[in-house]
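Report on the following structure.
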């Protein structure tokens, strides 16, 4: 009886270990990304970063659970701000007019991933945390200074950033999956004198390829 119990425990342990480590998989991903960014500057509409891309690494400990780290950069888009009348600010007066500047952006995030281990198709959800950065606000202030306006001492920021969402991976072989869609709500906390709030509510789409090892 004792030997039978020992055999049962050992068998159960081996079964669980096989389940855990057979699903243990290191992943590399490369994605295209679109970001719909709300700069929260009064009088400035949302911005579309269409030319974005990056990559990530993932380590799946179990069939259901993994960790992910990613970096995604977005090429320049146009920030525009109109002052219909002169505006008095600390340090001087911003002349009336429309100001434009180019700005890029990036996000660097990491966090847990929950996967549904359906054969060939694996939906997943994620909660990622980290930082982001953009020179759009700084460059917009430079365009104000260029026409005699005051410098608002806007510094480069790397605020807390969070992405919550999910997507689906479709296996095309043992080593390659296609990620047709990943959709996330992205929170950024940029805060400077040009913004009316320090919370921006954004949306991003990612799609690309995943290499599995």
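Any read-out appearing in this document is the output of simple, stated calculations on the displayed coordinates, not a laboratory observation. Just so you know, these numbers come straight off a predicted model, no measurement behind them. Cβ coordinates were reconstructed from backbone atoms using ideal geometry, including for glycine residues, and neighbour counts include every protein chain displayed.
Please report, in whole Å, how far the alpha carbons of the chain spread along each principal axis, starting with the longest.
89, 35, 20
Provide the three semi-axes, in whole Å and in decreasing order, of the ellipsoid equivalent to the range 104-158 as defined by the square roots of 5 times the Cα gyration tensor eigenvalues.
Taking √(5λ) for each Cα gyration eigenvalue gives 42, 11, 5 Å.
Take residue 183 and residue 209, extend 7 Å from each Cα along the Cα→Cβ direction, and tell me the distance between the two endpoints in nm.
The answer from the label model is 2.6 nm.
For the chain, what is the relative contact order in percent, using Cα pairs closer than 8 Å and at least 6 residues apart in sequence?
20
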